[in-house]
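S.K.: Below is a structure I'd like to ask you about.
The values are calculated or read from the model by the stated rules, or taken from the named source; none is laboratory data. These numbers come from a predicted model, not from an experiment. Quick reminder, even Gly has a Cβ in these numbers, built from the backbone with ideal geometry, and neighbours come from all protein chains shown.
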Amino acid sequence: MNREDLQNEEKNRVSFINSNNGMRYERCSGSGGGVAAADDTITVGFSQVGAESDWRTANTESMKSTFSEENGYELIFDDAQQKQENQLTAIRNFIQQEVDYILLAPVTETGWDTVLQEAKDADIPVIIVDRMVDVSDDSLYTTWIGTDSLLEGRKAAEWLNAYTTAKGIDAKDVNIVDIQGTIGSTAQIGRSKGLEEGVDNYGWNLLAQQSGEFTQAKGQEVMESMLKQYDNINVVYCENDNEAFGAIDAIEAAGKTVGSDIANGEIMVMSFDTTNAGLTDTLAGKIACDVECNPLHGPRAEELIKALEAGEEVEKLNYVDEEIFATDDTVDKVKAVNSLDEEGEYDVTPITQEIIDGRAY
Ligand code: GYE
């Protein structure tokens, strides 16, 4: 391709961006309409779920800083605002633009067969990031990198069992509400299931389950309404940190105290993600246990692309190792089975300011 062709191609891309109101599409490399990428630049289209949580912001940053111009990429970033239809449009646009790779962080697991078949027909490898897709034919995507949400849920349930047991609290006195994530997303499915298994195994009362859409605002709204409906809630199982922030605000606004001393009327908040703000609340005793979900997938996705570029085989499923943090040291280890049916023993780390300061998100 000569220089003029490249420039024309560049113009097409820019007009394409404008034709989508320039809102959701964002060019993350290139010199603002100047000479387009060199021939060895790898073009990546990334369809991101949205910007619903601190976790998601950290994930977006990780992807943008990895797939940068300096690193040899042209990234076309699309924020789907939590809507699958926007993701379908984005992927079709990436196909039309003949990107080298499509990265997809799918909002929910189902509904991808047709568009992934289109990407396959166009010979564009698709790397699924973060949440999973549930497709009839696994060859519709090349590989997946993300977290084991079911294991996360099981870790949280095992921690709750160990904690309440250590404090001499009877399982029948544990009254839980579950503020779920986006219904149908891998993170919701796994975390809800982990809790439900705990309810079955240990005999806790699960008073209610309702989606907080992984956002602080909705988490607060759902908690407000649950507090009006039930006067005996003593554990709030939030499926991410932002929901926990909203739930904490709702509990405090209702004149109740957030904390682990549930035998004396406090309401315990549990969470996932271990964002900086989440761990700060853990240190303050407001989130009793925060199960890590690591969002820094940029370098991991890049490693997969490099392997594919080198013609190497990559694993279909790539799970990230994650930790557990708690306010105190009542529980030091939990045993849990992961999605591959392997039992593991996981340390629970009492959080410190030093740990928070040393973390990247
Ligand atoms: O926990 C939540 C985000 O899919 C693992 O999505 C991700 C989840 C994460 O909105 O904060």
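S.K.: Only strands (runs of 3 or more DSSP E) wholly contained in region 11-90 count here; list those with 1 or more residues that are at pLDDT 95 or above. Don't jump to the end; show me each part of the working.
M.R.: Details: elements: 25-27, 42-48, 73-79.
Filter on region 11-90 gives 42-48, 73-79.
S.K.: I need the strands (runs of 3 or more DSSP E) fully contained in region 227-316, keeping only those with at least 1 residues that are on the phi > 0 side of the Ramachandran plot and in contact (Cβ under 8 Å) with a residue 24 or more places away in the chain. If you could, list the steps in order and put the result at the bottom.
M.R.: On the way: elements: 235-238, 268-273, 289-292.
Correct list: 268-273.
S.K.: So for region 190-197 (the condition being under 21 Å from the mean Cα position of the chain (by Cα), closer than 13 Å to Val269 by Cβ, buried (at least 24 other Cβ atoms within 10 Å of the Cβ) and modelled with pLDDT of 95 or more), does at least one residue qualify?
M.R.: Within region 190-197, none of the residues are under 21 Å from the mean Cα position of the chain (by Cα), closer than 13 Å to Val269 by Cβ, buried (at least 24 other Cβ atoms within 10 Å of the Cβ) and modelled with pLDDT of 95 or more.
S.K.: Shifting gears a bit: Just name the residue that is nearest to Ala162 (Cα to Cα) out of those in region 334-361 that are assigned to a strand (DSSP E or B) and among the charged types (D, E, K, R). Give the derivation first.
M.R.: Looking only at region 334-361, we keep the residues that are assigned to a strand (DSSP E or B), and these are 334-337, 343-350.
If we keep only those that are among the charged types (D, E, K, R) too, we end up with 335, 343, 345, 347.
Numbers: Lys335: 10, Glu343: 17, Glu345: 13, Asp347: 13 Å.
Only one residue fits best here, namely Lys335.
S.K.: Please state which of the following conditions Val331 fails to meet, knowing it meets all the rest: (1) out of contact with any Gly (no Cβ under 8 Å at 6 or more places or on another chain); (2) part of a strand (DSSP E or B).
M.R.: Unmet condition: (2).
S.K.: Got a sec? Which of Gln84, Gln97 is more than 30 Å from Gly265 (Cα to Cα) and within 16 Å of the ligand (Cβ to nearest atom)? Break it down into steps so the answer makes sense when it comes.
M.R.: Working: Gln97 fails: within 16 Å of the ligand (Cβ to nearest atom).
Answer to the check: Gln84.
S.K.: Hey, among the residues in region 274-296 that are closer than 18 Å to Val49 by Cβ and surrounded by 24 or more Cβ atoms within 10 Å (Cβ to Cβ), which one's nearest to the ligand (Cβ to nearest atom)?
M.R.: Cys293
S.K.: Can you tell me which residues in region 56-97 are among the charged types (D, E, K, R), farther than 18 Å from Phe214 by Cβ and without any contact (Cβ under 8 Å) to a residue 40 or more places away in the chain? Steps first, answer last, please.
M.R.: First, the residues of region 56-97 that are among the charged types (D, E, K, R): 56, 61, 64, 69-70, 74, 78-79, 83, 85, 92.
From what's left, farther than 18 Å from Phe214 by Cβ: 64, 69-70, 74, 78, 85, 92.
Hits for region 56-97 are Glu70, Glu85, Arg92.
S.K.: For region 94-123, which residues satisfy the criterion of being assigned to a loop (DSSP other than H, G, I, E, B) and crowded, with 19+ Cβ neighbours inside 10 Å? Break it down stepwise before answering.
M.R.: First, the residues of region 94-123 that are assigned to a loop (DSSP other than H, G, I, E, B): 97-100, 105-112, 122-123.
Correct list: Val99, Ala105, Pro106, Val107, Thr108, Trp112.
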